[in-house]
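Trainee: Structure in structure tokens, see below.
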Amino acid sequence: MKCRTDIILIGPMRVGKSSTAKILSERLNKPIINLDNLRRTFSEQEKINVDEFRELIDTGQICKYYETSRAFELKLVNFVINEHCDCIFDFGGGNASYESDEHTLRLKEMLAPFNNSFLLLPSNDLIDSMMTLNRRSINRPPKFQPLSEEQLKFNNKILTFHFAHSIAKHRILNEHMSIEETANTILEKLTFN
């Protein structure tokens with residue numbers, strides 16, 4: 001199996017995936033593919049009715065949304081990694097939690113060729129990580145909304161569930177790092193063989 005040169009960033013909301021992806025993109029001259037931004041287009045292309053998903057999001061039921069949309073998310077990941085190469089994939093917070101063993105196994109198979117998959121977490125300690133993510137949520141610029149209670153619960157799921165830890169080939173603990181330092185750490189760990 002041929003290894004891919006793409007970079008995959010996985011992790012909970014507010015861990016710095018998108019900001020890190022921007023720095024990596026500038027330094028490596030690779031485009032960013034953000035799965036959160038492609039969901040609507042992909043669902044229309046695949047003629048998937050996402051009204052049920054949209055209603056769950058609109059009513060703040062983030063955990064329920066992610067529980068019911070796993071099969072859709074797997075199709076989205078499969079589509080994106082087959083349509084794009086030599087990119088930086090920002091998987092968004094939603095692709096860091098798969099509770100079904102079947103879904104987890106399927107995603108592991110899809111991501112096997114990617115040596116540069118990174119799980120970004122504040123720390124190895126669950127409580128420290130939650131406190132850091134909550135603090136980052138509150139201290140956002142005005143254009144960003146703080147995370148809702150439901151989003152905070154979802155982050156907790158990501159931090160405690162083994163999926164993301166088993167998928168990513170590398171783990172970056174960035175509680176005491178700037179986004180620039182996080183990007184530098186990733187650059188040091190990249191392998192293209």
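Trainee: State all residues of region 164-177 that are open to solvent by 50 Å² or more (accessible area, probe 1.4 Å) and either over 15 Å from Gly16 (Cα atoms) or not basic (Lys, Arg) (or both); if no residue qualifies, say none.
Mentor: Hits for region 164-177 are His165, Lys169, Leu173, His176, Met177.
Trainee: Would you confirm whether any residue within region 17-24 is touching an Asp or Glu at 6+ places or on another chain (Cβ under 9 Å), at pLDDT below 90 and open to solvent by less than 20 Å² (accessible area, probe 1.4 Å)?
Mentor: So far as region 17-24 goes, no, none of its residues is touching an Asp or Glu at 6+ places or on another chain (Cβ under 9 Å), at pLDDT below 90 and open to solvent by less than 20 Å² (accessible area, probe 1.4 Å).
Trainee: If you go through region 59-68 one residue at a time, do you hit one that is at pLDDT 75 or above and out of contact with any strand residue (DSSP E or B) (no Cβ under 6 Å at 6 or more places or on another chain)?
Mentor: No, region 59-68 contains no residue that is at pLDDT 75 or above and out of contact with any strand residue (DSSP E or B) (no Cβ under 6 Å at 6 or more places or on another chain).
Trainee: Give Leu133, Leu120 a once-over and let me know the one that is closer than 23 Å to Ser19 by Cα, modelled with pLDDT of 90 or more and buried (at least 19 other Cβ atoms within 10 Å of the Cβ).
Mentor: Step by step, each of Leu133, Leu120 is checked, and only Leu120 is closer than 23 Å to Ser19 by Cα, modelled with pLDDT of 90 or more and buried (at least 19 other Cβ atoms within 10 Å of the Cβ).
The values are calculated or read from the model by the stated rules, or taken from the named source; none is laboratory data. A quick note: this is a predicted structure, and the numbers were derived from the prediction, not measured. So basically every Cβ, Gly included, is an ideal-geometry build from the backbone, and we count neighbours across all protein chains shown. Heads up: the accessible areas ignore ligands, DNA and RNA and are worked out on the full protein's heavy atoms, side chains in. Shrake-Rupley method; radii C 1.70, N 1.55, O 1.52, S 1.80 Å.
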